[in-house]
1. When you look at residue 64, is it at pLDDT 85 or above and under 16 Å from the mean Cα position of the chain (by Cα), yes or no?
2. Quick check on the range 75-91. Is at least one of its residues of a type in the set (S, T, N, Q) and in contact with a His (Cβ under 8 Å, 6 or more places away or on another chain)?
3. When you scan the range 1-37, how many residues do you find that are within 10 Å of the chain's Cα centre (by Cα) and either of a type in the set (S, T, N, Q) or not in a strand (DSSP E or B) (or both)?
4. Filter the range 87-122 down to the residues that are outside any loop (DSSP other than H, G, I, E, B), surrounded by 13 or more Cβ atoms within 10 Å (Cβ to Cβ) and modelled with pLDDT of 85 or more and list them by number.
Amino acid sequence: MFQPLFVPFKIAKMLKEKGFTEPCMAHFTFALTSKKDKQDGYSGSFGWRKGECNFSRDYFENNSSGDYSNVNWLSAAAPTWEQCLNWLDGKGRVIEITYSSDSFGYWIRSHNKKKSNNLWQRPQAMEAAIIAALETL
């Protein structure tokens, strides 16, 4: 899917909603509407389908002059996992990934929120932990 260096769109969108405005090396654009171009249909520069999600590697900041979110598109900065975790640390949401009995889980220290079942891979645990931490903001 997307570069494993960056958080997925779901987390990027939640971060934007929670006030994340740090500069990033990449961003997502997500189509909120559909538009069919006469010549290219639903592709090319002038046509798209609702739900289309694009990933671009270029400088971006949420809510800046370069944030071209509008009625057709939602733009969201795509931070690295490390940027995301550092931002959450600064908000008092310290995440630990745990391992026990062949499965991964997580612990959000500031809220004593613990989950440790059915997460068989570290990336699943990291994503679930970040989403849970963002929900507490």
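The values are calculated or read from the model by the stated rules, or taken from the named source; none is laboratory data. Owing to the predicted nature of the structure, the values given are computational and were not obtained by experimental measurement. With ideal geometry, Cβ positions are generated from the backbone for all residues, glycine too; neighbour counts draw on all protein chains shown.
1. Numbers: at pLDDT 85 or above: yes; under 16 Å from the mean Cα position of the chain (by Cα): no.
Taking the combined requirement at face value, the residue does not satisfy it.
2. yes
3. The total comes to 10.
4. 87, 88, 89, 95, 97
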